[in-house]
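Have a look at the structure below, then the notes.
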Amino acid sequence: MLLSSEELDAEMFDDKILLKPDPIAMVRRRGADGRIPVRTLDRGASSSAAAAELTGYPGGPYDTSLLVKYEHHVARHIWFGEERGPKKELKVAGHGLKLTSRVPLALPPQMESWVSRSGLASLQRTSLNKIDTNLVSAFVERWHLETSSFHMPFGEMSITLDDVACLLHLPIRGIFWSPQDVTEELAVELAVDYLGVSQGQAQSHVRSCRGSYYKLEWLYDIFVHHRAASSWAYATRAYLLMLVGSTIFADKTFTLVEARYLLLFRDLDGCSGYSWGAAALVTLYRYLGDASMYSCKQLGGYPTLLQCWIHEYFPTVGKRGENWNPAGNCGLPRAMRWSYRQGVLKFGYRQYVPSPPLDCMMATDIDVDWISYHQSVVAVIDSSTVATTPSEVEDGYLEWYYRVSHPRLVPPHRDAPRDVPVPVYDAGPSDPDWARVSTLIRRYLRQVNAKEEDPQFSDLFEALHISRSH
């Protein structure tokens with residue numbers, strides 16, 4: 001059964017998840033270009049300010065200063081019933097079944113030592129055998145590269161380094177180094193020096209790949225050959241390159257891996273110092289950004305990471321199977337818990353209105369951006385407030401979010417006339433008495449460190465939700 005945008009919208013708008021704002025609505029017709037004019041949001045705006053107002057899109061964003069590439073985003077087309085092609089979902093390939101046959105039950109001790117110390121050993125067992133392409137596609141349609149987050153009806157969510165560490169058991173601290181691109185000539189030299197193949201064999205293979213790539217199947221054959229010949233270093237490099245090329249560094253060809261990644265395994269004793277989790281997350285972010293554009297038909301990166309993240313945070317969405325109970329397997333990567341099978345959100349800090357985005361048209365080198373990611377995370381958390389409920393946000397966040405985002409992918413009634421209900425955000429504050437009730441309940445729940453799933457506090461949390469809806 002295909003998970004449609006309508007179904008995901010309905011699931012996300014379930015009142016158990018979403019605290020819906022209650023703005024006054026008005027109807028405005030769109031122009032010939034598919035946009036609608038946006039009224040000035042300030043109550044006392046002058047006529048001259050109104051003349052300089054921004055233009056928005058049906059269903060949002062009404063303020064286009066944040067999602068500057070929304071014109072090319074797949075969500076803009078889905079709103080008008082335009083899918084990517086005959087097949088609505090993206091082409092997404094997981095290598096789980098292939099890895100099942102290519103990853104041996106036990107490596108030779110000489111290889112096992114290097115693989116274990118590399119920090120990549122968990123990737124041998126984490127891949128899903130089948131990817132739910134409909135589920136993955138539905139979430140990709142909500143990804144926005146300007147914010148590196150999924151824009152849901154209730155706010156933003158994103159995959160974090162902590163998620164990567166829990167799901168895959170990859171190290172998230174260490175050196176973040178992305179190798180420079182290599183030429184075909186250098187790809188040949190690297191194969192000769194570090195994979196132990198002949199010059200002629202390397203040249204013939206790289207030429208057949210039509211670029212600086214190696215085929216995953218070719219790397220597996222090299223691994224088998226050198227393992228039989230007890231050439232442990234060559235076998236280990238071929239094996240690790242095949243492993244990352246089938247998982248965290250998988251590209252959209254689904255059969256090749258970039259030759260430049262072989263540079264990461266020149267020193268088998270030193271590759272344990274890399275932040276593999278950060279590299280996996282950056283790679284997935286980049287491919288999600290590509291796949292969110294209407295013209296893109298394929299998703300690269302590690303789809304297991306994305307799908308298992310969805311299973312963790314959205315337990316009622318998709319076709320989730322459970323392999324084991326985490327209570328008895330606390331030492332295993334959590335991705336191994338989930339599977340694709342036919343037939344209470346987590347929370348940490350309150351969502352706040354973020355700073356204005358950087359100019360994405362003048363993006364700097366990704367390595368430079370990520371060098372200080374630890375300091376950036378600390379700076380954000382230090383100024384944040386601990387949340388008491390999964391949906392708790394800072395005052396003004398939802399109003400800002402509904403103005404700059406596109407929280408719902410399809411109109412409530414697909415066949416209705418294209419009159420678009422536009423939220424108006426100058427309706428004034430909530431009832432002060434209800435606001436006081438909400439504040440008192442929230443303060444008490446925070447003092448006793450209450451959890452929403454705790455039965456003894458369920459009535460208070462329900463009262464909190466009711467007070468916020470007024």
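Restricting Thr133, Thr160 to those that are open to solvent by 30 Å² or more (accessible area, probe 1.4 Å), farther than 22 Å from Lys91 by Cα and not charged (D, E, K, R) reduces the list to Thr160. Report the residue count in the range 268-290 for those that are assigned to a loop (DSSP other than H, G, I, E, B) and either open to solvent by less than 30 Å² (accessible area, probe 1.4 Å) or modelled with pLDDT of 95 or more (or both). Going through the range 268-290 one residue at a time, the tally reaches 2. The residues in the range 291-317 that are open to solvent by 30 Å² or more (accessible area, probe 1.4 Å) and out of contact with any strand residue (DSSP E or B) (no Cβ under 8 Å at 6 or more places or on another chain) can be counted, and the count is 3.
Applying the criterion of being hydrophobic (A, V, I, L, M, F, W, C) and part of a helix (DSSP H, G or I) to the residues of the range 65-75, the residue that is nearest to Tyr401 (Cα to Cα) is Ala75.
Of the candidates Ser178, Ser208, Ser204, the single residue that is in a loop (DSSP other than H, G, I, E, B) and small (Gly, Ala, Ser) is Ser178.
Just the residues that are part of a helix (DSSP H, G or I) and closer than 23 Å to Cys308 by Cα, please, taken from the range 76-98. Scanning the range 76-98 gives Gly96, Leu97, Lys98.
Is it the case that some residue within the range 234-245 is more than 25 Å from Tyr302 (Cβ to Cβ) and in a helix (DSSP H, G or I)? Yes, because at least one residue in the range 234-245 is more than 25 Å from Tyr302 (Cβ to Cβ) and in a helix (DSSP H, G or I).
Rundown of residues vs (1) within 30 Å of Cys271 (Cα to Cα); (2) surrounded by fewer than 21 Cβ atoms within 10 Å (Cβ to Cβ); (3) small (Gly, Ala, Ser), yes/no style:
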| site | (1), (2), (3) |
| --- | --- |
| His95 | yes, no, no |
| Thr100 | yes, yes, no |
| Gly119 | yes, yes, yes |
| Leu123 | yes, no, no |
| Ala165 | yes, yes, yes |
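Condition first: open to solvent by 10 Å² or more (accessible area, probe 1.4 Å) and out of contact with any Leu (no Cβ under 9 Å at 6 or more places or on another chain). Now tell me which residues in the range 141-157 satisfy that. Selection gives Glu156 alone. Is it fair to say Ser101 is in a helix (DSSP H, G or I), of a type in the set (Gly, Ala, Ser), closer than 23 Å to Tyr220 by Cα and modelled with pLDDT of 95 or more? When the stated conditions are applied, Ser101 does not pass them.
For Thr183, the conditions (1) surrounded by fewer than 21 Cβ atoms within 10 Å (Cβ to Cβ); (2) at pLDDT 95 or above; (3) in contact with a helix residue (DSSP H, G or I) (Cβ under 7 Å, 6 or more places away or on another chain); (4) among the β-branched types (Val, Ile, Thr) all hold with the exception of (3). Within the range 167-182, residues that are farther than 15 Å from Arg117 by Cα and of a type outside the set (A, V, I, L, M) sit with their Cβ atoms under 6 Å from residues that are open to solvent by less than 30 Å² (accessible area, probe 1.4 Å) and assigned to a loop (DSSP other than H, G, I, E, B), at 6+ positions apart or across chains, in these pairs: Phe176/Ser275. The residues of the range 157-172 that are under 11 Å from the mean Cα position of the chain (by Cα) and charged (D, E, K, R) amount to a single one, Asp163. Considering only residues in the range 211-232 that are surrounded by fewer than 17 Cβ atoms within 10 Å (Cβ to Cβ) and either assigned to a helix (DSSP H, G or I) or under 34 Å from the mean Cα position of the chain (by Cα) (or both), the one that is modelled with the lowest pLDDT turns out to be Gly211. Applying the criterion of being of a type in the set (Lys, Arg) and at pLDDT 95 or above to the residues of the range 233-265, the residue that is surrounded by the most Cβ atoms within 10 Å (Cβ to Cβ) is Arg237.
Every test in (1) within 30 Å of Arg76 (Cβ to Cβ); (2) modelled with pLDDT of 70 or more is passed by Gln456 save one, and that test is (1). Set side by side, the residues Arg173, Arg260 differ, and just one is within 29 Å of Pro109 (Cα to Cα), among the charged types (D, E, K, R) and assigned to a loop (DSSP other than H, G, I, E, B), which is Arg173. Entry remark, the range 96-151: residues being of a type in the set (Lys, Arg) and more than 27 Å from the chain's Cα centre (by Cα) number 2 in total. One residue stands out among those in the range 386-414 that are open to solvent by 50 Å² or more (accessible area, probe 1.4 Å) and closer than 23 Å to Asp162 by Cβ: the one that is modelled with the highest pLDDT, which is Glu394. Take the residues in the range 106-161 that are part of a helix (DSSP H, G or I) and among the small types (Gly, Ala, Ser), then tell me which one is farthest from Leu67 (Cα to Cα). Going through the qualifying residues, I end up with Ser113.
The values are calculated or read from the model by the stated rules, or taken from the named source; none is laboratory data. Only a predicted model underlies this, so the values are computations on that prediction, with no experimental measurement involved. Every residue, glycine as well, gets a Cβ built from its backbone with ideal geometry; the counts of neighbours run over all protein chains shown. Surface accessibility is based on the protein's heavy atoms, side chains included, excluding ligands, DNA and RNA. Shrake-Rupley method; radii C 1.70, N 1.55, O 1.52, S 1.80 Å.
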